[in-house]
Amino acid sequence: MSVIRLSDEFLSEIRYRNRIEDVISSYVNLKRTGNTMKGLCPFHNEKTPSFTVYPENGSYYCFGCQNGGDVITFIRNAENLDYIEAVKYLADRSGMSMPESGYDDSAEKMRKTLLEINRETARFYHSCLIDPKIGKRGLDYFYQRQLTPTTIKKFGLGFAPDGFYNLVNHLKSLGYKENDMILANVAGRGKNGGAYDRFRGKVMFPIIDLRGNVVGFGGRKLPGDEGAKYINTSDTPVYKKTKNMYAMNLAKNSKSESIILCEGYMDVIALHQAGFTNAVAALGTAFTEDQATLISKYAKEVIITMDSDEAGQKASKRAIDIVNKTGLKIRVLQIEGGKDPDEYIKTYGAERFKLLLEGAKNDIEFNLFSAKAKYDTDTDAGRLQYLNDAVEILAGVNNEIAQNIYAGRLSDELSVDKQVLTNRIKALYKKRAGARQKEQLREMTSPTVRRDDINPEAVRHKRAAAAEEIIISILMLNPELCTTAFEQLSEEEFITSFNRRLYKALKTALSTSKAFDITMISSEFSPAEMGRIVLIQNKATVYKDSRRELNDCIAVLKEENNKLQKIDSSNMDNDEFAKAMQKIAKNKK
């Protein structure tokens, strides 16, 4: 990767004005434990905090998913930005100006251009919608769906007219290039190499991120038209569909402790229009763990409101499994009298829907309800099948009180002895727990060799890699030992290439500064690599005699180098011997 150089003075000011604990606290609820702060990781789903912030050295690390780095790395991961964009984000946050030179801002400029294209595209489609000569079909559709002009404007809804070059020609008139339109995915590339409108004859739903940027679009075909029902923006440098949610930019400001998870754009819009401004939807794909994590930043509970058909019920069960990993409370809305929230509100009104929300089942009740719906419980065979499924469901609940409550309800409902149900549930729960323990024991006693994507050579050179990491960690914490280390040990003597790069970067950073800060080198490493570097950095705190430990590890590394040289020499001799034997055999012929 190309190295972006910003002055140590500028980076030092960025660090000072954006203390890592302050920045991360706006994303994560942190609690202090000694010299560190802990919270639930924002980058993966977890119920027990493994995300740790180290204010003293300005770093963070998650022991669950290995995400780590400095404050710049955190913003890169949290906001899906590249290095310079993250620095600029922090500069803007603290009222600083970026230096006029000294860094490559091409990625930032490209991102800015794509966001401008998306914004102008949204404006173009909206202007087409409200133009009676162009957008009548689209506007009629929205009015037929009972949307008001205020709602249409609030969500920036639009219409992509028929024709292959309406948008392309409009964007060209504003000075944008075809290649950038294609990169933004509002245009496609034709057989002749030119650009054409990707969305044609569709009503348009702009997708807006948490900072108010238009990052993508959903296009829906009009009734009677042929083709796919929806066409959505593919992933671009400014948009990742699995990490964004439709209307989250509005829902996050609703001040509700719940988020209503819907299946489609129109459900969300109908709910917002009816006053339920905490509604969101996934974006043309199945609900993801990243989206569940995003919800957990703004709410304590998810109310799942998928369609009442079979596909919607499957989607509900999948969403339950994903949300359960976040620790969020779950309720599931069972809609009767309408296939989705939009249809229900049109038929019965907002007040009735509010009552429906208040009576939404929790995830256990939903799973039991879904299981019961499969059988005829008026028959003995149906009741037995339902009870077997119910026992399986309750054995998967990691809460003895909940198991007991629902066993009691089943007992009353189906006239079955509660103790019999409880015993079966406990037996199955114990059996599953035993299986999990055996699997964990198997992993501990027969560990598999795991691939190291960050430093793949460490698997073959374990002793050398361990010594390299200790050397680096000691120098990070004790820069006064660097002169001695740099004189004794060259970067070429590092056996693993990742640690060699890190040692070189450390050497360069400390040639201009007497103190080390991880931000000094974060431009040279990927976010994944920064996680490993933080792990290495924090090893140093356990050494009692750093100078002796440093010298011992330098000696170990030199030993390992000598071994490799002997092996190489031996291999060379063997090669020469093999060549000589081949020559003799050839002469005999």
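The values are calculated or read from the model by the stated rules, or taken from the named source; none is laboratory data. Keep in mind that this is a model prediction, so the values were computed, not measured. Because the Cβ atoms are built from the backbone with ideal geometry, glycine has one as well, and the counts that use them run over all protein chains shown.
Observations
- Looking only at residues of segment 292-328 that are in a helix (DSSP H, G or I) and touching a Ser or Thr at 6+ places or on another chain (Cβ under 6 Å), we find that the one that is modelled with the highest pLDDT is Ala292.
- Residue within segment 552-574 that is among the polar types (S, T, N, Q), closer than 30 Å to Val87 by Cβ, out of contact with any strand residue (DSSP E or B) (no Cβ under 6 Å at 6 or more places or on another chain) and modelled with pLDDT under 75 present: no
- Test: Gln582 is in a helix (DSSP H, G or I), at pLDDT 60 or above and more than 25 Å from Glu491 (Cα to Cα): yes
- Flag for Thr113 being polar (S, T, N, Q), over 20 Å from the mean Cα position of the chain (by Cα) and in a helix (DSSP H, G or I): yes
Residue-wise test of (1) closer than 23 Å to Thr242 by Cα; (2) buried (at least 17 other Cβ atoms within 10 Å of the Cβ); (3) assigned by TED's automatic domain parsing to the domain that holds Val280; (4) of a type outside the set (Phe, Trp, Tyr).
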site	(1), (2), (3), (4)
Lys88	no, yes, no, yes
Met96	no, no, no, yes
Pro99	no, no, no, yes
Ala122	yes, yes, no, yes
Leu167	no, yes, no, yes
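- Close pairs (6 angstrom Cβ cut-off, 6 or more residues apart or separate chains): on the phi > 0 side of the Ramachandran plot in segment 68-84, among the basic types (Lys, Arg) and outside any helix (DSSP H, G or I) anywhere: none
- When segment 262-285 is filtered for residues that are outside any loop (DSSP other than H, G, I, E, B) and within 18 Å of the chain's Cα centre (by Cα), the ones remaining, listed by number, are Val280, Ala281.
- Residue in segment 267-284 that is under 24 Å from Gly396 (Cα atoms) and of a type in the set (D, E, K, R) present: no
- Yes/no for Gly349 being over 29 Å from Lys297 (Cα atoms), at pLDDT below 80 and in the same structural domain as Ile304 (by TED's automatic domain parsing): no
- Subset of segment 379-428 that is without any contact (Cβ under 8 Å) to a residue 12 or more places away in the chain and closer than 20 Å to Asn324 by Cα - its residue that is farthest from the chain's Cα centre (by Cα): Ile405
- Residue check for Glu343: over 24 Å from Cys41 (Cα atoms) and assigned to a loop (DSSP other than H, G, I, E, B): no
- Looking only at segment 8-29, and only at residues there that are in contact with a strand residue (DSSP E or B) (Cβ under 7 Å, 6 or more places away or on another chain) and not hydrophobic (A, V, I, L, M, F, W, C), the one that is nearest to Val87 (Cα to Cα): Glu21
- For segment 122-159, a residue qualifies if it is under 20 Å from Val186 (Cβ atoms) and among the polar types (S, T, N, Q), and exactly one does: Ser127.
- Tally, over segment 533-550, of residues that are modelled with pLDDT of 80 or more, assigned to a helix (DSSP H, G or I) and surrounded by fewer than 16 Cβ atoms within 10 Å (Cβ to Cβ): 2
- Scanning segment 227-272 for residues that are farther than 20 Å from Gly135 by Cβ and of a type in the set (D, E, K, R) turns up Asp235, Lys240, Lys241, Lys243, Lys252, Lys255, Glu257, Glu263, Asp267.
- Test: residue in segment 201-208 that is assigned to a loop (DSSP other than H, G, I, E, B), farther than 29 Å from Arg145 by Cα, in contact (Cβ under 8 Å) with a residue 12 or more places away in the chain and in contact with a helix residue (DSSP H, G or I) (Cβ under 9 Å, 6 or more places away or on another chain): no
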